[in-house]
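A.B. asks: One structure coming up, written as structure tokens, with questions to follow.
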């Protein structure tokens, strides 16, 4: 026997599942398009991030650090290096990392974010001679950067 209540319930469940799927997909798309410019200094964190201990935050800022999101590990204190901007041929020469000069190896997108310029990186790597970069100004380096490793510029993304 045909039961109209069961049919309506099944359709309501299917509609609910479809709506939930659409909401999840939309949330994922929005999350993937959200980014901060590389040198941004966020003052507020998304819900769920812990508020820093006032004493720890004060010590961080007093030491010249920035309280920022440090990749997937969440917020923390990022301290400056003593050799930031110094010329280098590899990260072993730096307190943190040796990056390609942003003026040479990065391009700016329409939102002001610096992105690796893959064409230019290939050109530079094809050139003969020693390549030089600049030591990072910060101890923690997250995001996509152009590292100088073993005489070559290499794009690496660190989360």
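The values are calculated or read from the model by the stated rules, or taken from the named source; none is laboratory data. This is a predicted model, so every value here is computed, not measured. All Cβ positions, glycine included, derive from the backbone under ideal geometry; neighbour counts span all protein chains shown.
A.B. asks: On the basis of being in contact with a helix residue (DSSP H, G or I) (Cβ under 6 Å, 6 or more places away or on another chain), surrounded by 13 or more Cβ atoms within 10 Å (Cβ to Cβ) and at pLDDT below 95, does residue 60 make the cut?
C.D. replies: no
A.B. asks: Every residue in the range 102-145 that is touching a residue at least 40 places away in the same chain (Cβ under 8 Å) and closer than 21 Å to residue 72 by Cβ, please.
C.D. replies: 113, 114, 136, 138, 139, 140, 141, 142, 143, 145
A.B. asks: Shifting gears a bit: Within the range 79-87, can one find any residue that is part of a strand (DSSP E or B) and buried (at least 17 other Cβ atoms within 10 Å of the Cβ)?
C.D. replies: No, there is no match, as no residue in the range 79-87 is part of a strand (DSSP E or B) and buried (at least 17 other Cβ atoms within 10 Å of the Cβ).
A.B. asks: Follow-up question, since we're still on this one. For the range 92-139: of the residues being in contact with a helix residue (DSSP H, G or I) (Cβ under 8 Å, 6 or more places away or on another chain) and part of a loop (DSSP other than H, G, I, E, B), which is surrounded by the fewest Cβ atoms within 10 Å (Cβ to Cβ)?
C.D. replies: Looking at residues that are in contact with a helix residue (DSSP H, G or I) (Cβ under 8 Å, 6 or more places away or on another chain) and part of a loop (DSSP other than H, G, I, E, B), I get 131.
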